[in-house]
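Novice: First the structure, then my questions, so here it is.
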Amino acid sequence: MRAKIVAGNWKMNNDKKESKQLIKDLKKSIKRLKFKNTRVIVAPTFVNLSSSIKAAKKSRVEVVAQNMHHAKNGAYTGEISADMLKSIGIKTVILGHSERRTYFNETDASLALKVDAVLANELETIFCFGELLEDRKANNHFAVVESQLTNALFHLNASAWSSIVLAYEPVWAIGTGETASAEQAQEMHAFIRGIIAKKYTTEVADAVSILYGGSVKPANAEEIFSKPDVDGGLIGGAALNVNDFTGIIKAI
Ligand code: PEP
């Protein structure tokens, strides 16, 4: 049975003290919740990963990284390698967030290299992708999503997919307050599962957790998560508030 996941992407927010406090608060607020087969994830900034891991000890909160460079080491000023992340206990890395694609020119090709590096290092990735508003308006969203997955992930062999979590994030819904409807999310998630089944097998497709991201809040989470192909959410803004994030976890 594929895992349900609620993952909070903190982006460039929270200093060391704030990161530790938010994790402490989160641990407390989810302590008594009963949930099985469900992962709770937070992604602080690089500099706060170590202290966040420490703060999350003895809880079910997993701390993951927001990005990673594909090279093992070398002259890449400002970048972080898989070895560095592994050396502090990181097991999962978010890749391909739309902000990385938009502001840091990440492409399907550069992301394919990062995915390969993640897998070569026995890490897991939460791989983000999704169409722009203009793609959806032009009714091009399925083609865009299919090409993003084909270019960045479909060179992988079937066994690699046990280390992949997908996060469908329509760019027009990220940080805008605009959410895809539960039906739109389900339609796209079913499409994604369908193309994975076609390329690999139904077993591979059925085992992949596919998260929805884009202005998920406690008020809309339950409806979105109720859809059969939506296995949880990648949460931006609402992950910065312990009550909101807990509300979303409760919805799953
Ligand atoms: C995100 O950045 O991945 C995201 C989904 O943000 P928000 O929830 O704020 O739309």
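Novice: Based on the mean of other Cβ atoms within 10 Å per residue, sort peptides 32-42, 229-239, 86-96 so the most packed one is first.
Specialist: Result, highest mean first: 229-239, 86-96, 32-42.
Novice: Could I ask something else about it? Amide H to amide H under 5 Å from Ile94: which residues, 5+ apart in sequence or cross-chain, H placed 1.01 Å off N in plane?
Specialist: Ala65, Gln66, Asn67, Ile126
Novice: Turning to a different aspect of this structure: For segment 81-204, what is the relative contact order in percent, using Cα pairs closer than 8 Å and at least 6 residues apart in sequence?
Specialist: Result for segment 81-204 is 25 percent.
Novice: Let me ask you something else. Averaged across orientations, what area in nm² does the convex hull of the alpha carbons in segment 10-151 project?
Specialist: 10.2
Novice: What nm distance separates the two modelled labels at Phe104 and Glu178, each placed 7 Å from Cα along Cα→Cβ?
Specialist: 2.6
Novice: Let me have the relative contact order for segment 4-251, percent, based on Cα pairs under 8 Å that are six or more residues apart.
Specialist: 20
Novice: Here's a follow-up. Hey, what's the chain come to in accessible area per residue, 1.4 Å probe, Å²?
Specialist: I get 47 Å² per residue for the chain.
Novice: Moving on to the next point. Carbon and sulfur: what percent of segment 100-232's accessible surface (1.4 Å probe)?
Specialist: Carbon and sulfur together cover 51 percent of it.
Novice: Could you give each residue of segment 209-223 its phi-based ³J(HN,Hα) in whole Hz, using Karplus coefficients 6.51, -1.76, 1.60 with θ = phi - 60°, and x for Gly or Pro?
Specialist: Karplus-based 3J(HN,Hα) across segment 209-223 equals 6, 10, 8, 9, x, x, 6, 6, 9, x, 6, 10, 4, 4, 5 Hz.
Novice: Label point 7 Å out from Asp25 along Cα-to-Cβ: which residues of segment 210-252 have amide N under 11 Å?
Specialist: Label zone hits: 239-246.
Novice: Taking Rh as the Kirkwood radius computed over C-alpha pairs, what is the Stokes-Einstein D of the chain at 25 °C in a medium of viscosity 0.890 mPa s, expressed in µm² per second?
Specialist: It diffuses with D of about 135 µm²/s by this estimate.
Novice: So for the pair Glu203, Phe154, with labels modelled 7 Å out along Cα→Cβ, what separation do we get in nm?
Specialist: Inter-label distance under the simple model: 2.2 nm.
Novice: As I understand it, the dipole of segment 202-248 uses +1 on the Cβ of Lys and Arg and -1 on the Cβ of Asp and Glu, about the Cα centre. Which of Val204, Gly233, Gly247 lies farthest toward its positive end?
Specialist: Ranked along the dipole, the leading option is Gly247.
Novice: OK, next. May I ask for the Rg/Rh ratio of segment 80-206, computed from Cα atoms with Rh as the Kirkwood radius, given to two decimals?
Specialist: 0.97
The values are calculated or read from the model by the stated rules, or taken from the named source; none is laboratory data. Nothing here was measured: the structure is a model prediction, and the numbers come from that model. Positions of Cβ are generated from backbone atoms using ideal geometry, with glycine treated the same way; all protein chains shown enter the neighbour counts. Accessible surface is based on the protein model in full, side chains and every heavy atom, while ligands, DNA and RNA are left aside. Shrake-Rupley method; radii C 1.70, N 1.55, O 1.52, S 1.80 Å.
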